[in-house]
């Protein structure tokens, strides 16, 4: 049971990064369906940078620097995808859905290419990521559950909390939410809609990308076994599940993680049954969608202009 | 005279080939309420949008306190202490009043909702507003939302307030309350510009009135020295002869009788208020009114597209001689009876045609049910498309060219042509000549006349009074959802219609 929970948390944080980034993006009114691609590119950029770094320093790598290199490269690579998305949708006024889907395909392609160059095994790098706090072992199940994780797990929670705080308690957050709700209003209030959309999407994508890195380095212990786009889709589903709230996403992501791996921990389920189990997160999301739209509470609805473009001088 | 708080000199703004404002001059002093009066499309809102930084004038100067300024964005406008209250509220639904009010403020001070809410309360207390700073916008009434908008600009320290048709959405009681607040602001030294087309409001509220007509600046008068009839004349102008052909109606019989219909919008605003009239066969009934007075709802109610809360619409069927109540019928049944709505809404393509389809396909939108096999029968609609192209002189490369690529006039011809082809007994056309050049307009007028001579009851919603006066046989004037009068187009005057148009609800002459 303990192993199950720990595993659920580790996988959940992949979703947490993904959906925190996507929430930030969606709060600006951008529905970035490119998140799966963004996560792929982020992860592969991180891995590639790590591969170069470890190759250049040989056996004398600094753990802190190793982590930093990967995180920065991931963030930058994923943010670049966000920049591309914003450029296409804000500046060139392309359709957001089509652009997002195209970025997903592109992202998977890019990551496949980079992994082909860097190899699929990052076991050494993974050790830095999964190193746990020294006193975790002394605290029994409590330590196992809360302190045994690698650095990315804690980073995910911190990032989610910071995002939640920024969105609800700061002027920047208020402005950002207004851009996603009603860009014309924001514009009339003197807020630079394009800039907010660009910045939110780039930062959001960067955060989403870290989810990909977490999956490879932490959950899979550094083995690039299969492409990670499925987790991008789940992250988008998680955004709906948590009704666009990063703080709720912390809990939601662990639930998603648990649902996703539940099949492996329940004995006596056939292979087909396991695949059914993996559908659970999506089914739960649909149920949440039904409930929130039935209750029709304004507070729990998506940002009003989500997915809609904004141009000012239209008559 | 003291320096004006804001002064505009020779402001001109064009959108493409359309001149929205030409050489407009006006000024407002401190502690003064100025009304800007004009019909729809006279350029009032465009002018105010230039002051508030939404648009930038093509030429002309703006002075604030005697100094020339350049206003390029809403932010510039704030910096010059100009605040605009738009007709369509610019508020975020899921934010509280306070959050909306402080939105976009560059904060040197700490972000503190409680402090801001306190300041909001101070402002509302000072001017006599009634508002809960923590209430969410989506829980508010229209009047409350407007209050939030006004406090929003006051919070930013605006000294010049522009209100774009603030009373259009208010009840008479709410209007009175608003006026009281506005007078209090004036006495506090604020300059207030109010855009309106309601004469009685102009007379009761403002100190001076500036009149615009079709983008041109007509003049400014002191409210104390003017009268309703002078203002109306300034607003609608002198009658211009257009020489539109008009035949004498013959064999008129009642075709459509509308009795006391009422419609209420989802927000509880009365869209139509006890509207009654009769449309006769073989005549053109014009409908005049300020845009948004209920014309659209009226036509949609007849066509079965708008829910009617009470009242009857009786259709005298010329084929069977029976009377049918359209109220109980579906839009398709109504259409099959021969009541045709050739609706040309604000967005021409929006309600009548599919832009990406060719003319043939658009013809089929109305006849696809006639097909006998599972496959589409393209022959008949194709022939119809060819016929419309040749009869109405539609300029298009072919029947399969997407109608989106046709010019406005040609699109309109296709739309009207399709409805006429169904041999209607009642033909409703709303703004069929909007945006058309003169030749195309006359072609549409002739089409309507042709239908009239065939014994069709034509209902024509127009915005140009000169056209209405020359084309129609009778004119129904609608104001704020009520019929304010039905006049004979041959004997009435432009001023009479203008006066009827500006009469609001509940005002009897």
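Here, each number is a calculation from the coordinates, and none is a lab measurement. What you are looking at is a predicted structure, and each value in this text was computed from that prediction instead of being measured. Glycine also receives a Cβ, built like all others from the backbone with ideal geometry; neighbour counts cover every protein chain displayed.
Some notes on this structure:
- Based on the convex hull around the alpha carbon atoms, chain B presents an average projected area of 26.5 nm².
- Cβ-based exposure ranking for B:491, B:223, in which fewest neighbours within 10 Å come first: B:491, B:223
- Directionally averaged shadow of the range B:6-236, computed from the convex hull of its alpha-carbon atoms, nm²: 12.5 nm²
- Build a GNM of chain A with springs between Cα atoms under 10 Å apart, and of A:114, A:217, A:294 the one that fluctuates most is A:294.
- Rounded Å value of the spacing that divides the Cα centres of the range B:273-329 and the range A:157-221: 52 Å
- Calculated from the alpha-carbon coordinates, the range B:353-422 shows an Rg and a Dmax of 11.3, 35 Å respectively.
- Quotient of the Cα radius of gyration of the range B:121-245 and 2.2 N^0.38 Å, N being its number of residues: 1.27.
- Mean residue ellipticity (222 nm) of the protein assembly as shown, computed from DSSP H runs ≥ 4 via -39,500 (n - 2.57), nearest 500: -15000 deg cm²/dmol
- FRET efficiency estimate (nearest 0.05) - Cβ-Cβ, residue B:226 to residue B:188, R0 30 angstrom: 0.70
- Across chain A, counting alpha-carbon atoms alone, Rg and Dmax equal 19.5, 68 Å.
- Estimated inter-spin distance, residue B:216 and residue A:158, nm [label 7 Å along Cα→Cβ]: 7.0 nm
- Average projected area [Cα convex hull, the protein assembly as shown], square nanometres: 43.4 nm²
- FRET efficiency estimate (nearest 0.05) - Cβ-Cβ, residue A:64 to residue A:267, R0 56 angstrom: 0.85
- Separation between Cα centres of the range B:204-222 and the range B:7-82, rounded to whole Å: 14 Å
- Taking label positions 7 Å along the Cα-Cβ direction at both residue A:105 and residue B:61, the computed distance is 5.8 nm, reported to one decimal.
- Förster radius 45 Å - calculated FRET efficiency between residue B:393 and residue B:87, Cβ distance, rounded to 0.05: 0.70
- The mean sequence distance of close C-alpha pairs (under 8 Å, at least 6 residues apart), as a share of the length of chain A, puts its relative contact order at 37 percent.
- Pairwise label distance in nanometres, residue A:145 with residue B:125, each label 7 Å out on the Cα-Cβ vector: 5.1 nm
- Kirkwood-Stokes translational diffusion coefficient of the range A:123-193, alpha-carbon pairs, 20 °C, 1.002 mPa s, µm²/s: 142 µm²/s
- Here the range B:378-430 and the range A:12-47 have alpha carbon centers that stand 49 Å from each other.
- Acute angle (nearest 10 degrees) that the helix B:438-453 long axis makes with the longest principal axis of chain B, alpha-carbon atoms: 50 degrees
- GNM result for chain A, Cα springs below 10 Å: residue of A:123, A:180, A:257 fluctuating most strongly: A:123
- Chain B: angle of helix B:172-187 to the longest principal axis, Cα-based, in degrees nearest 10: 30 degrees
- Taken over the range A:1-80, the convex hull of the Cα atoms encloses 116 Å³ per residue.
- Chain A: angle of helix A:229-241 to the longest principal axis, Cα-based, in degrees nearest 10: 60 degrees
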